[in-house]
Amino acid sequence: MRVFKFGGASVNNADAVKNVADIITRFSNEELVLVFSAMGKTTNALEKVTHAAFYNLPELTERIDEVENFHFNIADALFDSDHLQINNKLKNIFDSLKQVASKPEYAYDEFYDRIVSFGEILSTTIISRFLNERGIMNVIIPAQEMIITGDRFRDAALDWAMTEKLIKKRVLDVFHDQNCNKIITQGFIGSTIDGKPTTLDREGSDFTASVIAYCLDADEVIVWKDVDGLLNCDPDHFANPLKIDHISYHEVVELTFFGAKILHPKTIKPLQNKSIPLRVKSFFNPTANGTLVSDQASSDLSIPFLIKKNDQALISFFSKDFSFIAEDKLSKIFWRLNQLNIKINLMQNSAISFSIVVNDPGKKLKSLSNSLANDFDILYNRGLELLTIRNFTDQLIKQYLTDKEILLEQRSRKTIQVAYTQT
């Protein structure tokens, strides 16, 4: 049994959905759990719906219409003229979305999860119906009935015991009792034990696939992407990317920690715990080998990896009483960062100061500053880039950092991280 994960780019239009069906057909005799993300950039679009609804902005109807038209256009292209059933299903989902959007009666993050969760539900509704019409019989098991989490909205922690129990029960029931070897579910989304929708952090569908594989002792996870495998850099930012044939769990964990968008950071640990291999393959070239992630050492330990993060903020805390920045003061900072769900990409401290680089927290920066103003003077710089080079060389440092206005730099034996003014 294998778990396949298909991201938004793999199902961003009707032709892409047909291509996914062709890929799945190649595994017609295998038991597969198919994890799907929202179609295309739907999550981004639903984030705009969330913002417009929460702040009662006039463009709310337009934002919802954009999402609705996008999905109905895909359905129109996939199904013949007589597709009343799928249209009715989609209409019911959008009626529910509009009802939720009309009553923003929750805190923003909880409201966000309630709105954004509709993306994966829409995606799997269309894809499941199309696969059935292609003769690929499947059953949808809603992720919100299996993936049980806490109530930290937008970055919910998994209830492993309950989730494992439900996944085994629901999936094995379909495979063994319903005589169906294809199951579809949603990535990224879950729910609390009392049914409140939650999400697992952006790009969390990789993690969903990993969790399911762990709970079912799967033979393999395949993540289908629009590239031939894992690359040593983002081709949108760097020239001449190199494909990696084989890489260890440990190295991927390091890279995702530093911000590489190759996989969701939480994906690897569950697989590593059970030595379940993960393969990254291209949905454009499904017969190619892709990249294997396993417990074996990487194929080339000297290949440099370059990771660039835009829209960073450097925040520096200076002790008002000139006392050392020791454990008591650091605990206050970390506690508040955790409360605001601000994640640190780089940190550095001196005797009387502590500096962090984070994804620009927007309005949360004011809340952070106000809450710590009694203990610290706080300075910040916005609009920065953070460059991480793993397996760096002097030549690479010269190539990418010459003439940069560097505000913070940190090195270890294998890795250099530099925050500088964005150009």
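Key figures
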| read-out | value |
| --- | --- |
| Residue-averaged [θ]222 nm for the chain, counting only DSSP H segments that reach four residues, each worth -39500 (n - 2.57) | -11500 deg cm²/dmol |
| Under-5 Å amide H pairs with SER282, H placed in peptide plane, nonlocal only | LYS225 |
| Equivalent ellipsoid semi-axes, segment 305-421, via Cα gyration tensor eigenvalues times 5, rooted, Å | 27, 15, 12 |
| Given (1) 31, 24, 21; (2) 81, 29, 17; (3) 38, 27, 20, the label whose value is semi-axes √(5λ) of the Cα gyration tensor in Å derived from this model | (3) |
| Principal-axis tilt of helix 60-78 within the chain, Cα atoms, nearest 10 degrees | 50 |
| Label-to-label distance, nm, for residues given as SER331 and GLN399 (7 Å Cα→Cβ offset) | 4.6 |
| In sequence order, calculated HN-Hα J values of segment 366-372 (Karplus, 6.51, -1.76, 1.60; Hz; x Gly/Pro) | 5, 4, 4, 4, 5, 6, 10 |
| Label zone at TYR55, where the point sits 7 Å out along the Cα-to-Cβ direction: segment 342-375 residues whose backbone N lies under 11 Å | 363 |
| Karplus 3J(HN,Hα) series, Hz, for segment 9-18 with 6.51 cos²θ - 1.76 cosθ + 1.60 (x for Gly, Pro) | 5, 7, 9, 8, 7, 5, 4, 5, 5, 5 |
| Theoretical FRET efficiency, 1/(1+(r/R0)^6), r = Cβ-Cβ of ASP234 and LYS343, R0 25 Å, to 0.05 | 0.80 |
| Cβ-Cβ FRET estimate between LYS165 and LYS269, R0 fixed at 25 Å, reported to 0.05 | 0.80 |
| Gain on full stretching of the segment that runs from ASN370 to GLU133 - 0.36 nm per residue minus C-alpha separation | 79.6 nm |
| Furthest towards positive pole of dipole, LEU242, HIS264, LEU230, structure part segment 229-268, Cβ charges | HIS264 |
| Cα centre as origin, Lys/Arg/Asp/Glu Cβ charges: segment 305-421 dipole, Debye | 400 |
| Label-point gap, in nm, between ASN73 and ALA107 - each point 7 angstrom along Cα→Cβ | 3.8 |
| Using alpha-carbon coordinates, inclination of helix 160-172 to the longest axis of the chain, degrees | 20 |
| Relative pair counts by distance (%), Cα atoms of segment 79-182, 10 Å bins | 12, 33, 35, 18, 2 |
| Among PRO235, PRO304, PRO286: highest mean-square fluctuation, GNM of the chain, C-alpha pairs under 10 Å | PRO235 |
| Local net charge near PHE258, Cβ-Cβ under 14 Å (Lys/Arg +1, Asp/Glu -1) | +3 |
| Debye intensity ratio in log₁₀ form over the Cα atoms of segment 349-410, taken at each q of 0.12, 0.23, 0.27 Å⁻¹ | -0.44, -1.09, -1.29 |
| Euclidean distance of C-alpha centroids, segment 23-101 and segment 186-250, integer Å | 21 |
| Inter-label distance for ASN29 and LEU172, nm, one decimal - labels placed 7 Å from Cα along Cα-to-Cβ | 2.5 |
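Since every read-out is calculated from the coordinates, none of them should be taken as a lab result. The structure presented is a predicted model; accordingly, all values stated were derived computationally and were not measured. Reconstructed Cβ throughout: ideal geometry from the backbone, glycine too, with neighbour counts over all protein chains shown.
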